[in-house]
Amino acid sequence: MTQTLVIVDVQNDFSPSGALPVPDGDCVVTVINRLMSCFEHVVATQDWHPAGHGSFASVHHMSPGEMIELNGIQQLLWPDHCIQSSWGSEFIPGLAQNNIEYIVYKGSNPEIDSYSGFFDNGKQQSTGLLDYLKKINSDELYIVGLATDYCVLFTALDAVELGFQTYVVQDACRAVNLAPDDEEKALAKMAQAGCQIIQSRDVLNE
Ligand code: VGL
Ligand code: ZN
């Protein structure tokens, strides 16, 4: 069985200059590149929305941060972000993309959002990540990327529920922190669910 580094949504729109800026979001690149060398397998997710995605406030003539019900599911509205094949959807420059063996695209269905790298928010459709991890016999996942309080959180919770030994490398993640304690709450939720919250030095043996 093998260990896999799962890089979540390290994309331009989540960098400080992007459409949905994550404070210090670009700072994860250096540490993630260093972590890559410790893993046999490296996979990544990309938030991959069509223009006019249902999670975009603009579609509903509302403001980011407002809540709606989108096809029966509570949906927080966001600025337009990670539009397929736009600059904002590209990996943040400097990320060692050549080490990434498999990319999962999520959030492509305009009717439903997908925070988790495994399933959409209604858990109706899988992204292909689980099948890939099974194919490579991976049983331990190390989750890194953006953002701690959304896509990292939901990916980690699904990973535990699916039976993976799940580590979240805290300093290789950054949070949106719409509320200042969102990162802390997300880390507590993940720990409560059975994720191990670790630091990059624990992996790099520093
Ligand atoms: C994300 C909000 C909307 C994330 C994606 O990657 O954490 N957050 N879409
Ligand atoms: Zn999104």
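Nothing in this text is a laboratory measurement; each read-out follows from the coordinates by a stated rule. Just so you know, these numbers come straight off a predicted model, no measurement behind them. So basically every Cβ, Gly included, is an ideal-geometry build from the backbone, and we count neighbours across all protein chains shown.
Counting pairs of alpha carbon atoms under 8 Å apart in space and at least six apart in sequence, what relative contact order in percent does the stretch 130-186 give? RCO, the stretch 130-186: 39 percent.
In the chain, the calculated helix contribution to ellipticity at 222 nm averages -6000 deg cm²/dmol per residue, counting -39,500 (n - 2.57) for every DSSP H run with n ≥ 4. Between residue 140 and residue 27, the modelled label-to-label distance comes to 2.8 nm, taking each label 7 Å out from Cα in the direction of the beta carbon. Bridge orientation summary for the chain: considering DSSP beta bridges with both residues in this region, about 20 percent are antiparallel. Springs join every pair of Cα atoms under 10 Å in this Gaussian network model of the chain, and among 82, 151, 38 the largest mean-square fluctuation is at 38. All other residues whose Cβ lies under 11 angstrom from that of residue 56 are scored, Lys and Arg at +1 and Asp and Glu at -1, for a net of -2. Listed values for the stretch 51-56 are Karplus-derived 3J(HN,Hα) couplings in whole Hz (6.51 cos²θ - 1.76 cosθ + 1.60, θ = phi - 60°), namely 4, x, 4, x, 8, 8, and x replaces Gly and Pro. Rounded to the nearest whole Hz, the Karplus-based 3J(HN,Hα) values (6.51 cos²θ - 1.76 cosθ + 1.60, θ = phi - 60°) of the stretch 139-148 follow the sequence 10, 10, 10, 10, 9, 9, x, 10, 10, 3, with x at glycine and proline. Close amide H partners of residue 172, meaning residues 5 or more places away or on another chain with modelled amide H under 5 Å apart, are 200. Around the amide H of residue 121, modelled in the peptide plane, lie the amide H atoms of 113, 114, 115, all under 5 Å away and 5 or more residues distant in sequence or on another chain.
Around the amide H of residue 104, modelled in the peptide plane, lie the amide H atoms of 44, 45, 46, all under 5 Å away and 5 or more residues distant in sequence or on another chain.
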